[in-house]
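The values are calculated or read from the model by the stated rules, or taken from the named source; none is laboratory data. Values in this document were obtained by computation on a predicted structure and should not be read as measured data. We place every Cβ from the backbone using ideal geometry, glycine too, and count neighbours over all the protein chains shown.
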Amino acid sequence: MVILRFLQSFLDIALWRKGPQDLPASTALAILALIAYLSTGFMRMRLFTLDRPTALLFICVDALMLGAWLWLVLAFFGRRQRFVQTITATLGVGLLVLLLDVTIRSAQLALGWSDELSMTWLKARFLVVALVLGRVFMLALDRGLITGIALTVAIIYSTQAVVQLMLDLRG
C-alpha cells in the first residue's frame, strides 16, 4: 500500500499536480527510489541488448551524475536543504519513465514490431523528461521552467558524454 501511495505521488508530480515539496524529506524513501530506479534502469538497458557491464556502467553513471548535478545546482542557488525531496522526486519520476521504457520495449520485442517504435518513443521520451524534470527542478530552485529544462538537458547530455568517455577508455 505504501509503495502504491508513493508511485501515485510520483505520477502526480509527473502530471504537474504536485511537486518535490509534497514529498517527505526522507532519506529512506530516497534510497528506496534509488534502488527501484537502478534496478529498473538496468532491466531497461538489458532489453536494449547491452551487455551487463555496459548496462551497469550506464545506469550507475546516470544516477551519480543526476545526484552530483542536483547537489551542485541546489547548493549554487542556496537550496541544498531541498536535495532529499528533489532527488526523491527526480528518481521517482525517472522510475515511471523507465517503467514505460520497459513496457514499450517488451511489447516491441514480444510482438515483433520494428525498431521505429523505439526510436519514436525515445524522441517523445526526451520531451517528456525535459518537461517533467524541468518542472521538478524549477520548483526546487524557485526559477523558471526554462532554467529547469536547461538543467535537465545538461544532465542528459553530460551523462551521455561521461558514459561514452568511460566506454572509450574501457575499450
State whether one or more residues within the range 117-130 are touching a Leu at 6+ places or on another chain (Cβ under 7 Å) and either closer than 26 Å to I3 by Cβ or in a helix (DSSP H, G or I) (or both).
-> no
Please go through the range 5-24 and pick out each residue that is without any contact (Cβ under 8 Å) to a residue 40 or more places away in the chain and under 16 Å from T88 (Cβ atoms).
-> R5, Q8, D12, K18, D22
Whichever residue in the range 77-115 is among the small types (G, A, S) and under 17 Å from the mean Cα position of the chain (by Cα) and, among such residues, is farthest from R5 (Cα to Cα) = G94
Would you check if there is a residue in the range 45-58 being among the polar types (S, T, N, Q) and modelled with pLDDT under 95?
-> yes
How do the pairs read when you match residues in the range 25-51 that are crowded, with 16+ Cβ neighbours inside 10 Å with residues anywhere that are assigned to a helix (DSSP H, G or I) and acidic (D, E), using Cβ under 7 Å and keeping only pairs 6 or more apart or on different chains?
-> G41/D62; R44/D101
For the range 61-83, which residues satisfy the criterion of being over 14 Å from P20 (Cβ atoms) and without any contact (Cβ under 8 Å) to a residue 12 or more places away in the chain?
-> L64, A68, L72, A75, F76, G78
Among what's in the range 141-161 and is over 24 Å from L99 (Cα atoms) and touching a residue at least 24 places away in the same chain (Cβ under 8 Å), pick the residue that is surrounded by the fewest Cβ atoms within 10 Å (Cβ to Cβ).
-> D142
Can you tell me which residues in the range 107-139 are among the hydroxyl-bearing types (S, T, Y) and either under 15 Å from F10 (Cβ atoms) or surrounded by fewer than 16 Cβ atoms within 10 Å (Cβ to Cβ) (or both)?
-> S114, T120
Out of the residues in the range 80-106 that are among the small types (G, A, S) and within 14 Å of S26 (Cα to Cα), state the one that is surrounded by the most Cβ atoms within 10 Å (Cβ to Cβ).
-> A89
